[in-house]
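Have a look at the structure below, then the notes.
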Amino acid sequence: MRNQEQRRFTMPADNTRPFKSHRYDVFGVKIARRLTLFGDQNLSAFIALEADPSVLAYCERPLVINDLKPKRVVDFWVERESGEELWLLLRPTERTWRSEPNLPNAAFNVWAAANDLSIVLHLPEDLGLPDEARRNWGEILRYLGANSRFVHAELSDQIYRMCGDGRTIDEIQNLLDDEDPILVRTAIFRLVHEGRIQIPSILTSAIGLDTLVVSR
C-alpha cells in the first residue's frame, strides 16, 4: 500500500462549485483530511468510499477533462489493493455514457488505460443509501474523526474478540466499564469501518445502545 506521499492524487484539481449545488464540508477518515463536496451525489459517493473496507484511499476531483465542452471534472480517484479507478458520477444528460464505448472522451480513455486507471461510470442510483444509513455512517465518521486517535489497538482487538455471534453496544460498554464509553463506541465504529465487524441493521435502524454488532 502506498503512503500519502506516494499516492497518485492527494488534492483536488478543481474547486469550482457547480451552479446551485449544495456544499458539504466533511472529514475523510481514510485520507486524514477535510474535503469539500458539491451535491448530494458526491456526498453519497463519499459515504460509499468510507464504508467500503476494500477502498484504501481516494481523492475528490483529481482531474479535469479539458477536451470536453464544457470541461468535465472527474469526481473521484479511488485506490484499492486490486488497482486504481476514476469515478465519474453521471449527470442526467450523461446516462447514455455507459452504452457508448468512447465516452467520456476517446483520448482520455486511452490515457487512463495507459496509466492503469479503470474508468467507472456511476448512475445516481448506484450509490444511493437509505436516509437512516446515511445518518448512521455520518455518526460513525464523526466519532472516528474526533476520537479515533485516542483508541489503542488493544481495546479494538478486545472488542473484536467479544463480538463473536453478536453483542449489543450496551453489553460491550458494560463489559468494559473501566473504559471511557466514548472510546469504546469509537473502537466499535473503527472495527465496522475496517470491515472486521458489522452492524446488520445499519441500513434500517438508528445506531443506539441496543444495536447489535457481529464479527465477520
Counting only Cα, what are the radius of gyration and maximum Cα-Cα distance Dmax of segment 1-130, in Å? 14.1, 38
Report, to the nearest whole %, how much of the accessible area of the chain belongs to carbon and sulfur atoms, 1.4 Å probe, protein only. 51 percent
Relative contact order of segment 115-216: what whole-number percent is it, with Cα pairs under 8 angstrom and at least 6 residues apart? 37 percent
Ignoring ligands, DNA and RNA, how do Lys30, Lys71 rank by accessible area with a 1.4 Å probe, largest first? Lys71, Lys30
Relative contact order (percent) for the chain, with alpha-carbon contacts under 8 angstrom and 6 or more residues of separation? 17 percent
Do any GluC sites (Glu not before Pro) in segment 13-94 lie in a DSSP loop with no more than 10 other beta carbon atoms within 10 Å, and if so, which? Glu81
Ranking by accessible area, most exposed first, for Leu203, Leu89 with a 1.4 Å probe: Leu203, Leu89
List the aspartates and glutamates whose alpha-carbon lies under 12 Å from that of Lys30, not counting same-chain residues fewer than 8 positions away? Glu50, Asp52, Glu79, Glu194
Counting Lys +1, Arg +1, Asp -1, Glu -1, what net charge surrounds Ile159 among other residues with beta carbon under 14 Å of its beta carbon? -3
Enter the angle in degrees (range 0 to 90, nearest 10) between the Cα long axis of helix 131-147 and the first principal axis of the Cα atoms of the chain, meaning the one along which they spread out most. 70 degrees
What accessible area per residue, rounded to a whole number of Å², is obtained for segment 16-102 using a probe radius of 1.4 Å? 49 Å²
Probe radius 1.4 Å, ligands and nucleic acids left out: which of Thr211, Thr10, Thr93 has the largest accessible area, and how do the rest follow? Thr93, Thr10, Thr211
Exposure of Val120 as accessible area (Å², to 10), given a probe of 1.4 Å and all protein chains: 40 Å²
Over 10 Å intervals from 0, what percent of Cα-Cα pairs in segment 112-216 sits in each interval? 14, 42, 24, 14, 5, 0
Helix-derived mean residue ellipticity, 222 nm - over the chain, DSSP H n ≥ 4, -39500 (n - 2.57), to 500: -10000 deg cm²/dmol
Can you tell me the orientation of helix 181-194 relative to the chain, as the angle in degrees between its alpha-carbon axis and the longest Cα principal axis, to the nearest 10? 40 degrees
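The values are calculated or read from the model by the stated rules, or taken from the named source; none is laboratory data. The model shown is predicted, which means the values in this text are computed figures rather than measured ones. A quick note on method: Cβ atoms are made from the backbone with ideal geometry, for glycine too, and the neighbour counts reach across all protein chains shown. All accessible areas refer to the heavy atoms of the entire protein, side chains included, with ligands and DNA or RNA removed. Shrake-Rupley method; radii C 1.70, N 1.55, O 1.52, S 1.80 Å.
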